[in-house]
1. Which order results if Ser68, Ser35, Ser63 are arranged by neighbouring Cβ count within 10 Å, fewest first?
2. Would you mind ranking Asp92, Asp74, Asp85 by Cβ crowding within 10 Å, fewest neighbours first?
3. Tell me, what HN-Hα J-couplings in whole Hz come from the Karplus equation 6.51 cos²θ - 1.76 cosθ + 1.60 at θ = phi - 60° for each residue of the range 48-63, using x for Gly and Pro?
4. Taking 0.36 nm per residue of sequence separation and subtracting the Cα-Cα distance, how much length would be gained by fully extending the chain between Leu46 and Thr60, in nm to one decimal?
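Readers should treat all values here as calculations from the given coordinates under stated rules, not as data from a laboratory. The shown structure was predicted, so the numbers you read here are calculated from the model rather than taken from an experiment. For neighbour counting, all protein chains shown are included, and Cβ atoms are generated from backbone atoms with ideal geometry for every residue, glycine included.
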Amino acid sequence: MIQPTRGRVLVTRMPEPKPESELIIIPETVSQRPSCFAVVIAVGELKQGGIEAGDTVILTHYSGAPCSVEIDGDFVDAAIVPEEDVLAVVED
């Protein structure tokens, strides 16, 4: 497991939802953009706080350093994101 340091958060991005209508055509360049929704795996020492492992957060696009993390024997694509790039925590 990777433990982020200082004001960083380890996240795994969620797949971007696809439009239900076939009237909307999404170019390939847009569909290659990383999702802005992510699930927090681990948290470093944050200045602001309010983010815990398991939270769903909204990130700025293209933020974070990509990495691979082993969770329960499976390798998952993840990213280490600065605290400032977390825009919001999604509440249920």
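1. Numbers: Ser68 9, Ser35 13, Ser63 18.
Lowest to highest Cβ neighbour count: Ser68, Ser35, Ser63.
2. Details: Asp92 3, Asp74 7, Asp85 18.
Least crowded to most crowded, the residues run Asp92, Asp74, Asp85.
3. My calculation for the range 48-63 gives 7, x, x, 10, 10, 4, x, 5, 9, 10, 10, 10, 6, 5, 6, 8 Hz in order.
4. Numbers: separation 14, 0.36 × 14 = 5.04 nm, distance 1.75 nm.
Length gained, Leu46 through Thr60: 3.3 nm.
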